[in-house]
Amino acid sequence: MNPQQNKRMILIIVGLIDAVISGAILLIYFGLLPIDISEWGIPRWVIGVIGGVWFLSAIGLVAYQLTRTDASE
């Protein structure tokens, strides 16, 4: 594998891990995971916005890397 392919694979893996972590945050926000976020001292809507933006950016990164064509072809 060339270095460009390695970089692309690493970005895909990192994007997928980010999507899983931010997805867990969104599940906590929606109350599907039994974790009480009210005692953290952060407003509930802030956690929802952070989780949502993080999730969308991770999915966008993975989608871009999977649909990008190689310049060498």
Exercise for the section: Restrict the check to region 65-72 and report whether at least one residue is in contact (Cβ under 8 Å) with a residue 24 or more places away in the chain and surrounded by 14 or more Cβ atoms within 10 Å (Cβ to Cβ). Expected result: yes
Completion exercise
Filter region 1-49 for residues that are in a helix (DSSP H, G or I) and among the charged types (D, E, K, R); the one that is farthest from Ile59 (Cα to Cα) is Glu39
Problem - Selection count, region 6-34, where residues are among the polar types (S, T, N, Q) and open to solvent by 60 Å² or more (accessible area, probe 1.4 Å) - result: 1
Exercise for the section: With the condition kept exactly as written, say whether any residue in region 51-68 is basic (Lys, Arg) and outside any helix (DSSP H, G or I). Expected result: yes
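The values are calculated or read from the model by the stated rules, or taken from the named source; none is laboratory data. Not measured: the values here are computed from a predicted model. In this analysis, Cβ positions are derived from the backbone assuming ideal geometry, glycine residues included, and neighbour counts consider all displayed protein chains. Heads up: the accessible areas ignore ligands, DNA and RNA and are worked out on the full protein's heavy atoms, side chains in. Shrake-Rupley method; radii C 1.70, N 1.55, O 1.52, S 1.80 Å.
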